[in-house]
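Since the structure comes first, as structure tokens, the remarks are kept for the end.
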Amino acid sequence: MGEVRQRRRDPGPEVLPARGPAHGCVPIGLELKLEANLGPTRLRGIIDRLELDENGEFVVTDYKTGSVPSEFWEAKSLSGVHMYALLCERMLGRRPARVQLFYLSKPEAIIATPTDQSIRGVERRTTAMYQAIAQACERDDFRARPGRLLRLLHVSSRTARPTAATARRRRAARPGHDDQRASPLVPAG
């Protein structure tokens with residue numbers, strides 16, 4: 001996506017939780033609320049920590065309590081902080097020099113440098129998502145898209161051995177089949 005990414009294990013004090021300035025970083029805000037218009041869409045976000053680094057550049061840190069994603073999922077994990085970079089650029093007038101996810105469980109940081117391309121990507125995806133939702137509202141069309149787990153459950157339900165009641169229903173549904181046994185739900189006779 002045209003961005004510089006790095007993963008840093010034991011990232012050091014410059015990205016540790018809010019304990020005051022470290023290594024020249026000066027906190028600007030914690031739980032900082034930003035919002036900006038993106039076409040017809042109002043984009044809002046709450047940045048966990050915004051700092052100025054030793055060069056006077058913005059650094060956005062998003063703290064995470066879950067497990068650190070594999071390198072395969074890094075780009076997807078960074079999408080939220082790239083949204084914060086867009087909000088900083090729109091509301092504060094400049095793009096952060098770096099955005100980072102800091103995982104409290106390890107500690108480990110995933111660090112990226114926002115670029116023109118990554119910011120444009122966020123704008124395009126956000127605009128496309130808004131348009132898709134608006135079109136679905138106009139058509140009143142909100143079809144479900146079953147995920148992988150639901151498809152797996154559907155496959156396993158077809159391959160599982162049917163219960164006795166299911167087997168009776170299937171036999172009864174066959175053309176020309178006349179089941180003489182009385183159903184426990186319908187009185188005989």
Rounded to the nearest 0.05, FRET efficiency between A136 and E54 (Cβ-Cβ, R0 41 Å) equals 0.30
About the Cα centre of region 63-141, how large is the charge dipole given +1 on each Lys and Arg Cβ and -1 on each Asp and Glu Cβ? Please answer in debye to the nearest 20. 300
Count charges around A134 for me, please; just the other residues with Cβ under 14 Å from its Cβ, Lys/Arg as +1, Asp/Glu as -1. -1
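Using Cβ contacts closer than 10 Å as the measure, can you line up R171, R90, R95 from fewest to most?
In increasing order of surrounding Cβ atoms, one gets R171, R90, R95.
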Can you pull the one-decimal nm distance between simple spin-label points at A128 and E35, each 7 Å off the Cα toward Cβ? 2.7
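All of the numbers you see were taken from the coordinates with simple rules; none came from a lab. All values derive from a computational prediction rather than experimental measurement. Positions of Cβ are backbone-derived with ideal geometry, glycine not excepted, and every protein chain shown enters the neighbour counts.
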